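Just below is one structure, and these are the notes that go with it.
The values are calculated or read from the model by the stated rules, or taken from the named source; none is laboratory data. Source: prediction; values computed, not measured. Neighbour counts are summed over all protein chains in view; Cβ atoms, including those assigned to glycine, are modelled from backbone coordinates with ideal geometry. For the accessible areas, the whole protein counts, side chains as well, though only heavy atoms, and no ligand, DNA or RNA atoms are used. Shrake-Rupley method; radii C 1.70, N 1.55, O 1.52, S 1.80 Å.
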Amino acid sequence: MTTRGISEGSVGAGHARQAIDRSAGAARGGSIILVLLVAAMLVAAATGIVVLGRSNAEPYILVFLAVLATVGVFSLFALASGILRLSAAERVSPLIKAVVDESFDGVVVTDGDGRVRYANAAYLDLIDATDASDMRPVERAFIGDADASEAIYRLLKAAREGKRLQEEVRIAGVKGRPARWLRLRVRPLGDGRRRRRLTVWSLSDVTHERERQENVFQELQHAIDYLDHAPAGFFSVDAKGDVIYLNATLANWLDQDLAQVGSGGLKLTDLVAGDGAALLTALRGAPGEIKTEVLDLDLKTRSGRTLPVRLFHKLAFDAAGTPGASRTLVLNRARNDGTDPQRAAEIRFMRFFHHTPMAIATVDREGGIVRTNSLFARLFQNVLRREGGDRSIGAVAAARDRRALEAAIAEAAQGKGDITPVDAALAAEGGGGGERFGRFYVTAVEEEERDQEAAIVYALETTEQRELETKVTQQQKMELVGQLAGGIAHDFNNVLSAIMMATDFLLNAHKPTDPSFQDIMQIKQNANRAASLVRQLLAFSRKQTLRPQVLNVGEVLGDLTMLLRRLIGEKVALDVVHGRDLWPVKVDISQLEQVIVNLAVNARDAMPDGGRLTLRTTNVTASECERYHAKGMPAADYVLVEVGDTGTGIPAAIVDKIFEPFFSTKEVGKGTGLGLSTVYGIIKQTGGFIYVDSVADEGATFRIFLPRHAAVEAVLAAAAEVKRATSLDLTGEGTILLVEDEEGLRALNARGLASRGYTVLEAGNGVEAIDVLEKSDGRVDLVVSDVVMPEMDGPTLARELRSRNPNLKIIFVSGYAEDAFQKHLPEHGQFAFLPKPFTLKELVAAVKETLAA
């Protein structure tokens, strides 16, 4: 069995305290009395056998041997199962025991009931135990200290849960002794259930260590206080641009809240005015290098005032070349103490250099960028921040234009003047985005300075200017093509009007059973198809005649649903999502239907393997317009119609060309290229706007914005249509002055009107019409006049006729739109309008309706 170090050793005053061990191992030792007792029993048994004699003692010998055998067998089982243990198995190394006994840290072992099973001398010193009876567990030793009690409670809880835990607590001083700091550790002992009930406590006096920490903290506080209230500003910025330190002096200068520092609430851009922050973040160095840049910049206060400063910006780079947090010293140059005579001039130059709307950089003979202003650092930060790459001025331009810029730098390095500006596409940024453009002006520096800086480069970004020029050019091209299309359409309308009028006469003269009747019908059908194509041309040129009416877009789409399902086929699913309480709009219903059908057919063609077509309507208020980023569309109330598909999308290279006339991505013979241009013309003539968003391989969405109609007009147009439709009797009487410069068309129209009972007077232009009117002594009831005629056009004729007879009724016929010439008529002038081409029935119906009005 293990030997007790000191059993119940004295720990009285004046004596060194010794370890106390009350464990089971310490109590268990070898006993000579037990050995002597067993020996005496064996001797007594042997004597009894001798006295009894051999013959009489034999049964007793057998019984005695059986008892010994049974005890031996059970002892072996008890040893194997651990019920009995030999004292040698519990023996502890004297070296380990000596280490624990003499440890500087107090060690105490308690059982599950909180009784102390072992405590070394250091523990007894820490709890000021006077003797063995004063030996207390940890929770009782510091029971009077509130802070210690809370920590010990947490430690006891961790011990019960089988966890390790450490706490540091301050113990109040007693008996005139100063307060102490103790580090308390606890851990369960052993791996088995029986031994886990023991808990090992370790107590260390860390008072001196805490005092050293507090001294260091106090010194650090003093240093921070000195730095905070130094006569210069100081700040630190991490790689993300967050301000992680700002001293009180600089915070006072800039009126900034120190509570925002370090939380990500204060950015470098909140401190530096203009684009100056780009200069600080663009600094790059070699791996392991420490660089310091001296910069004159403007900082800004929270209220927006500027503060001229000089920055000593220090930046360290790690082994990978990544910059760490900056160390930046700030000198206030706003105060004029008379010690710096160049201060005012330097501040003026700094502000001119960094706040000019032109990016400026100086370059060496090889084109390497030496220094830049703030705007250059912001515009070309992708080049300046390049780690270990090309930081030359040529890198800011796209590869196709780089050689021209480098050639201009070479000319400047040779001292040449009047170098031609270089227009170049800018290098693409890592984040993507559209193509950017710039114009570079290069000038040489003085010859003696060319060793370090060979040229000065001034750069202007011209991306918006290029986009505006492209849009203006595109608009002019559209207008020119539109004028051409309108002129062609007008001439075609005259031809088609004659053809359609002639076919009406032929159909009236032939019976359906005549062999030629079908041929005449074929001519009329082809004339109608040609008229439809002309209407597309006029729609593109925005000179077609619209018959707008107030309607609900949702109802129009509902009526079109069945037709659209047949058009798009079974492979394409159709979803119609109607907005609630849609505002009324005033549009030509047939033209709106044509727009929706054209877009639906294009969407179907973009989904050859099937997909989904979605029609969605909603109201868009003036405040919501900005959300759609619709350039050129004024803020107002609109009804939005979205036509979206899940097809192949529109390539970015052609998305700006899709509304051009005769532009088509379909195969030859499968499209006229007038579909989207017609859509564009109809929407623009209606007063609306159309835009497209497309992502390759994801689909396209067309957004149509139709202006909200303030429903103040009655449904006059609908009533007129009903009246026209119900006029079945097309015969009449009266004198009609027919003015038309196309002789063949005039003759056919006169013949048609005469066949319906009217007296027709003919004139080839406006001058002839006035002569005819004067000769007729005012017997003319109605004038039917073309708009575009030689010598005197229709609006001029109308003014002359109304000056003679203010109540004279007039019908204008034209291949152009009604609003194309309406502005040339007197204000509030009353007239009717009939668009070309028209049939005989339409002409006679318009005449009868106007005469009856």
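Structural remarks
- Positions within the stretch 126-152 being assigned to a helix (DSSP H, G or I), surrounded by 15 or more Cβ atoms within 10 Å (Cβ to Cβ), modelled with pLDDT of 80 or more and over 60 Å from the mean Cα position of the chain (by Cα), in sequence order: LEU126, ALA141
- Residue satisfying all of: in the stretch 819-843; open to solvent by less than 60 Å² (accessible area, probe 1.4 Å) and of a type outside the set (A, V, I, L, M, F, W, C); modelled with the lowest pLDDT among these: GLY829
- Selection status of GLU743, of a type outside the set (Phe, Trp, Tyr), under 19 Å from LYS836 (Cβ atoms) and open to solvent by 10 Å² or more (accessible area, probe 1.4 Å): yes
- Wholly enclosed strands (runs of 3 or more DSSP E) of the stretch 239-328 bearing at least 3 residues more than 29 Å from the chain's Cα centre (by Cα) and exposed (fewer than 15 other Cβ atoms within 10 Å of the Cβ): 290-300
- Taking residues in the stretch 622-640 that are on the phi > 0 side of the Ramachandran plot and assigned to a loop (DSSP other than H, G, I, E, B), and partners anywhere that are crowded, with 17+ Cβ neighbours inside 10 Å and modelled with pLDDT under 85, not one pair has Cβ atoms closer than 8 Å while being at least 6 places apart or on different chains.
- Restricted to the stretch 214-237, and to residues there that are in a loop (DSSP other than H, G, I, E, B) and either surrounded by 14 or more Cβ atoms within 10 Å (Cβ to Cβ) or among the acidic types (Asp, Glu) (or both), the residue that is modelled with the highest pLDDT is ALA232.
- Restricting LEU155, LEU184 to those that are in a helix (DSSP H, G or I), aliphatic (A, V, I, L, M) and open to solvent by less than 40 Å² (accessible area, probe 1.4 Å) reduces the list to LEU155.
- Test result for LEU155, touching a Lys or Arg at 6+ places or on another chain (Cβ under 6 Å) and within 15 Å of LEU182 (Cα to Cα): no
- Restricting attention to the stretch 99-109, the residues being open to solvent by 10 Å² or more (accessible area, probe 1.4 Å) and in contact with a strand residue (DSSP E or B) (Cβ under 7 Å, 6 or more places away or on another chain) number 4.
- Some residue of the stretch 631-645 being at pLDDT 90 or above and open to solvent by 80 Å² or more (accessible area, probe 1.4 Å): no
- Residues of the stretch 746-782 satisfying the condition of being open to solvent by 20 Å² or more (accessible area, probe 1.4 Å) and part of a loop (DSSP other than H, G, I, E, B): ARG756, GLY757, ASP777, GLY778, ARG779, ASP781
- Here GLU346 fulfils each of the conditions (1) in a strand (DSSP E or B); (2) surrounded by 14 or more Cβ atoms within 10 Å (Cβ to Cβ) apart from (1).
- Check on ALA603, touching a Phe, Trp or Tyr at 6+ places or on another chain (Cβ under 9 Å) and not in a helix (DSSP H, G or I): no
- Looking only at residues in the stretch 788-801 that are out of contact with any strand residue (DSSP E or B) (no Cβ under 9 Å at 6 or more places or on another chain) and outside any helix (DSSP H, G or I), the one that is least open to solvent (accessible area, probe 1.4 Å) is MET792.
- Test for LEU851: is it at pLDDT 85 or above and of a type in the set (A, V, I, L, M, F, W, C): yes
- Count of the stretch 554-600 residues, restricted to those that are open to solvent by 30 Å² or more (accessible area, probe 1.4 Å) and outside any loop (DSSP other than H, G, I, E, B), is 19.
- Of everything listed in (1) open to solvent by 20 Å² or more (accessible area, probe 1.4 Å); (2) in contact with a helix residue (DSSP H, G or I) (Cβ under 8 Å, 6 or more places away or on another chain); (3) closer than 17 Å to PHE838 by Cα, the single unmet condition for SER785 is (1).
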